[in-house]
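Bear in mind that the values in this text are calculations on the coordinates, not laboratory data. Keep in mind it's a predicted model, so treat the numbers as computed, not measured. Neighbour counts are summed over all protein chains in view; Cβ atoms, including those assigned to glycine, are modelled from backbone coordinates with ideal geometry.
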Amino acid sequence: MCPTPDVSPDRLVARKAGRRIAVVLPALDEERTIGPLVAGLVRFTEGPHPLVDELVVLDSGSTDRTAERAAAAGARVLDRADAVPGAPVLPGKGEAMWRAVVALGTSDLVCFLDADLVDPHPDVVPRLLAPLLLRPGTALVKGYHRRPLDGSAGHEGGRVTELMARPLLAALRPELRHVRQPLGGEYAATRELLDLLPFATGYGVDIGLLLDTAALRGTGAIAQADLGVRRHRNRPVHELARTSREVLATALDRCGVPDSGAGIIGFRPGSGTGGPGADPDGERPGDDPGWRSDVHPLLQVDRPAPGPVRSGGPAGPIPPGARASGVTALVAGS
C-alpha cells in the first residue's frame with residue numbers, strides 16, 4: 001500500500017483508455033454543503049476529454065433542499081428508490097452506495113465522496129483515481145486525511161477510527177493495521193471489484209468493503225491516497241456509539257466472529273425513567289431518574305453483491321451474521 005503518485009488530471013485522462021469514471025456522493029439532508037462541494041467537482045466533468053464522465057448525487061430521502069442544490073450546482077441527482085426499482089428502500093449510507101453501484105452499470109471506476117465535506121483538497125478526485133489508472137492490479141484506493149476536531153489545529157478527529165476500528169483490525173486482521181483511515185468515506189474502486197462484494201446498509205459499509213477486498217484480492221490490491229485536511233460536521237459521542245455498533249457488527253461478521261446482534265443502550269444525564277424499551281434484558285436501565293436511557297436496535301443488514309442484482313438476481317437483504325457474502329467462496333475458487 002504505497003503513497004499516491006502526484007499526477008495531474010490531464011495525465012490521468014491520457015491513461016483512461018476508454019474507461020468510464022463516475023463520482024458518487026451519497027447524501028441525506030446535506031443542503032449546507034452539497035452545493036459548494038458539487039460546484040468544486042464539476043470541473044472534472046468538463047471539456048472534450050473529461051476525467052469524470054458522470055457526477056452523481058444519490059439522494060437518500062432528504063427532506064431539505066439537498067437534491068435541488070446538487071442539481072443546480074451541476075450534478076445528476078438520482079433518487080434512491082429510482083436507482084434499484086422494485087427493491088424496498090432500507091435506511092443507511094451503505095444502502096445508498098449499493099444502489100448507486102447497481103445503477104451505474106456502465107462505469108468502470110467508481111469514486112465515493114461523503115456529502116458533508118467542507119473545503120476538500122482541490123485534487124481529491126484525481127488523487128483517489130491515480131492508483132487505479134496508473135498501477136495495474138490496484139482495485140481499491142482508501143483516502144486518508146488530517147482530521148482536526150472542532151476547528152483545532154491538531155489531529156483529533158476520526159474518533160471511531162482511532163478508538164475502535166484500527167485496534168480491531170490490529171487484533172483480528174493485522175495485515176490491515178497500516179490502513180490509516182479504514183472508515184474514511186472517500187475512496188475509489190473498480191466496478192469489477194464492487195460488483196463482487198456485499199454492502200452493509202449502514203455505517204459498516206466502509207470497513208466491510210475494505211475487509212472483503214483484502215480477503216478477495218489481497219492487501220496488494222489496496223492503495224492509499226493523501227487527501228490533505230478533512231473538515232466536516234463532527235457528531236456528538238452518543239451518535240458515534242451507534243455508528244460504532246454498526247462498524248463492529250460488520251467487522252466481526254467479515255472476520256467470522258459471532259455477534260449477539262443486540263443493539264446498544266445509550267445513557268445520558270437527564271430527567272425521565274427510560275421510556276419505552278428501557279428494560280429490554282431485565283436490567284432496568286431506566287430505574288435511575290437522573291439518567292435518560294434509549295435503546296437503539298441493530299437494524300443494519302447486508303445487501304447482496306451488485307453485479308448479480310444488476311443481472312436480475314435477488315436484491316433482498318442478507319441477515320446479519322449469515323456469512324452469506326460469498327467472499328470466502330470466491331477466494332477459495334480463485
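Note that region 263-269 has calculated 3J(HN,Hα) couplings of x, 10, 10, x, 10, 9, x Hz, one per residue in order, obtained from phi through the Karplus relation 6.51 cos²θ - 1.76 cosθ + 1.60 (θ = phi - 60°); glycine and proline are x.
Based on C-alpha pairs under 8 angstrom that are at least 6 apart in sequence, region 62-220 has a relative contact order of 29 percent. Using the Cβ of T161 as centre and a radius below 9 Å, the other residues enclosed give a net charge of +3, where K and R count +1 and D and E count -1.
Applying 1/(1 + (r/R0)^6) with r as the Cβ-Cβ distance of L172 and R43 and R0 = 30 angstrom yields a FRET efficiency of 0.15.
Segment A17..D288, full-extension length gain: 91.1 nm, with 0.36 nm per residue of separation and the alpha-carbon distance subtracted. In order along region 86-96, phi translates into HN-Hα couplings of x, 9, x, 6, 10, x, x, 4, x, 4, 5 Hz, rounded to whole numbers, per the Karplus curve 6.51 cos²θ - 1.76 cosθ + 1.60 with θ = phi - 60° and x for Gly and Pro.
Relative contact order for region 1-93: 29 percent, from Cα pairs under 8 Å spaced at least 6 residues apart, divided by residue count. With the simple model of a label 7 Å out from the Cα in the direction of the Cβ, T219 to D259 spans 2.3 nm. Computed from the alpha carbon atoms alone, the convex hull of region 71-210 holds 147 Å³ per residue. Our compactness index for region 156-231, the C-alpha radius of gyration over the empirical 2.2 N^0.38 Å, is 1.08.
Working note: Karplus 6.51/-1.76/1.60 with θ = phi - 60° gives region 72-82 the couplings 5, 7, x, 8, 7, 9, 10, 6, 4, 5, 7 Hz, where Gly and Pro are set to x.
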